[in-house]
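Student: Can you keep this structure in mind? I'll have questions shortly.
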Amino acid sequence: MMGPRQVAQGALFYEFSLEDHVPTRHVLRQIDRFVDLSSVRRHLAPYYSAIGRPSIDPELMIRMLLIGYVMGIRSERRLCEEVHLNLAYRWFCRLDLTDPVPDHSSFSKNRHGRFRESDLLRHLFETVVARCIGEGLVGGNVFAADASLIRADANKQNSTARDEWDVSTIDPKDAPRAVREYLDVLDEAAYGAASEVDPKFTSHSDPASQWTGALKGPAFFAYANNYLIDTDHGIIVDVEASRAIRQAEVGATRTMIERTRDQFGLYPEILTADKAYGSAENLNWLIADEGILPHIPVFDNSSRRAGIFPSSEFVFDREADEYTCPSGNKLKKYWRKMTKPRTGIGKDGFIRYFARKSDCSGCALKTKCTPIQPTRKISRHAFEGARDLARELAVTDAYVDSQRRRKKVEMLFAHLKRILKLDRLRLRGPNGAKDEFHLAATAQNLRKLAKLVPDPA
C-alpha cells in the first residue's frame, strides 16, 4: 500500500538538540576538544572600547574562520552561508538554531583592525602549538624546514616592468592598503632587503608579491609559505610568510628557529632541509651560532665538466693554509710574503688558491686539470669548515633517516593545497599572506591533534 503524501506542517513546540545531530566522528567535533579560546578575550581586551554598543563575539569569528580553513571554504561570503545552513558548523560556533550569523564584512573590519594590531592569529597559532607540545607530539630533536609557493591575488596585466617601476613616486596617503604594507617591508629581511636584485615585474595590486618562474612553467606572482616542523609527528612549530626567493626563505628559517627557541624553549639537535638551504653562510650559522647539525645537501657550484679534476681531488692542509694537487704541487693564496696580513677573502666570501705557472706548464696531468687556463685555481669559502662537516654528515645513517623525515613537510604542503585548497591567496599584502598562512597552519595542527590524540570518551 502506498504511504500518505508527506506534507510539512509546522509544530507549535519543538524539542531539538544540535548536540544530538553532530556525528561523533565529524572532524569539527574531533578538533573541538583542542580549541581553547579562553585567552582570546583577555588578549583583545586592550583593543576594545569600554563604552558603546557590544561587538560581535570575537570567539565566534575565530571559530568561523577555523571552520573556513579546516573545511577548505575559501570565501567568507560562502562561509557565512554555510554556517547559517550547516548544523555541525552552528554547533562548533556555539550558535543555536535561531541565532544570527555575522555578516561577512565583520571579518574584514576586525582583520584590518584589532586582529592585526593585537597579532591575534599568531597568538592563536602559538596556543595550538603549545597544546601539541603538552600532548607529547613534539619531540624537539629533529626539525625540518621548507617553503612552498602560493599564488598571490595578482596578475601580469596589472603590473609594471622593472625599468619603469619607481617606488619614490608612490604617495602612501593615497595608496591602497597592500601598497602601504609593501612600503613598510622594503627594509625587512623577508622582503625588500632579501636581495638587491629587483623583480622583473611588480604588481600594482600587491607589489610585495614576487614575480617568479621557479615552477618551470608560466611565471606568476607569489609569496613563499615557510614551515618549520617537528619530524616526529609532522607538527608545524612555526610558520612565516616571505618573498618567494631563496635568500628570503633561508632568512625566514633562521627567524623561525630563533622564535621557536624563545617562545617554546625548543632546541633541535638536527635541521633537515633541501639543497636551497645548504649555502656556506647558513650552514655556518647553524653549526657555529646555533649548535645545530645540518642534515642538508651542500649548495656547491664548483663542479667541473667530465674528465677534469674536481676540487675534491685537491687535499687541503689547514695548518699550512694551502692545497696539494694530484701531482703533489702546492696551491697558495699568495706566493710572496705580504707586508700586511691579508685574509684573502673576496666580496663573494671565497678565498682563491693559485698554483704556480711553472708547476702547471710542465705537469703531465695538465689536460685533466686545467686544459685551457695556464694555472689551476681553487676557490674555498671562508666557511668551508661548515660545508666539510655537512658533507661528512651526509654519509651517515642519521642523515638518510632525516631526509626521509623531511618528506613530512612536503606532505603538509600537498595537504594545504589539495585538501585545504590554499593554492592561491585571497588576501593581499604581506599581512594578508601572514594571516592566511597562520590560520592554515593552525587548522593543520588541529587536524593532526584530532587524528593522533584519542578521544577519552
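Read-outs throughout are calculated quantities, based only on the coordinates presented, and are distinct from any laboratory measurement. The shown structure was predicted, so the numbers you read here are calculated from the model rather than taken from an experiment. Counting neighbours? That spans all protein chains shown, and the Cβs are built from the backbone with ideal geometry, glycine included.
Student: Are there GluC sites (Glu not before Pro) in the range 275-354 that DSSP marks as loop and that have at most 10 other Cβ atoms within 10 Å, and which are they?
Tutor: Sparse-neighbourhood loop GluC sites (Glu not before Pro): GLU319.
Student: Something else now. Sum up the charges of everything whose Cβ sits under 14 Å from the Cβ of ARG25, counting Lys and Arg as +1 and Asp and Glu as -1, but leave ARG25 out.
Tutor: In short, +2.
Student: Taking other Cβ within 10 Å of each residue's Cβ, how do THR231, THR272, THR160 sort, fewest first?
Tutor: THR160, THR231, THR272
Student: Can you pull out the GluC sites (Glu not before Pro) in the range 153-233 whose DSSP state is coil and whose Cβ has at most 16 other Cβ atoms within 10 Å?
Tutor: GLU188, GLU196
Student: Can I ask one more? Which net charge results for the neighbourhood of ASP321, defined as the other residues with beta-carbon distances under 11 angstrom from its beta-carbon, given Lys and Arg at +1 and Asp and Glu at -1?
Tutor: Net charge around ASP321: +2.
Student: Let me spell out the model: positive unit charges on the Cβ of Lys and Arg, negative unit charges on the Cβ of Asp and Glu, origin at the Cα centre of the range 311-382. What dipole size does that give, in debye rounded to 20?
Tutor: 380 debye
Student: Any idea what the alpha-carbon Rg over 2.2 N^0.38 Å comes to for the range 311-382?
Tutor: Rounded to two decimals, the normalised Rg is 1.11.
Student: Hey, fewest Cβ within 10 Å first, where do ASP388, ASP238, ASP348 land in order?
Tutor: Fewest to most other Cβ atoms nearby, the residues stand as ASP348, ASP388, ASP238.
Student: Assuming a ≥ b ≥ c are the square roots of the Cα gyration tensor eigenvalues, decide whether the range 18-118 counts as rounded (a/c under 1.5), prolate (otherwise, with a/b larger than b/c) or oblate.
Tutor: prolate
Student: Roughly how many debye, to the nearest 20, is the charge dipole of the chain about its Cα centre, given +1 on each Lys and Arg Cβ, -1 on each Asp and Glu Cβ, and no other charges?
Tutor: 1800 debye
Student: Follow-up. Exceeding 32 Å between C-alpha atoms, which entries from my cross-link table qualify? They are LYS275/LYS448; LYS109/LYS156; LYS368/LYS407; LYS408/LYS434; LYS366/LYS407.
Tutor: Listed pairs above 32 Å: LYS368/LYS407; LYS366/LYS407.
Student: With +1 on each Lys and Arg Cβ and -1 on each Asp and Glu Cβ, how big is the dipole of the range 103-246 about its Cα centre, in debye rounded to the nearest 20?
Tutor: Magnitude of the dipole: close to 400 debye.
Student: Turning to a different aspect of this structure: Over 13 Å, how big is the tail of the calculated P(r) for the range 376-426, in percent of all Cα pairs?
Tutor: Every Cα pair in the range 376-426 considered, those over 13 Å come to 72 percent.
Student: Using each residue's phi in the range 347-357, evaluate 6.51 cos²θ - 1.76 cosθ + 1.60 at θ = phi - 60° and report the 3J(HN,Hα) Karplus result to the nearest Hz, with x for Gly and Pro.
Tutor: So the Karplus estimates, Gly and Pro as x, are 5, 8, x, 9, 10, 9, 10, 10, 8, 7, 5 Hz.
Student: If you don't mind, there's one more thing I want to ask. Taking H as built 1.01 Å from N, whose amide H comes closer than 5 Å to the amide H of ASP238, not counting residues under 5 places away?
Tutor: LEU228
Student: What does the net charge come to around ASP146 if you take all other residues with beta carbon closer than 11 Å to its beta carbon, with K and R at +1 and D and E at -1?
Tutor: Net of charged neighbours comes to 0.
Student: Percentage of Cα-Cα pair distances in the chain greater than 42 Å, rounded to whole percent?
Tutor: When all Cα pairs of the chain are counted, 32 percent exceed 42 Å.
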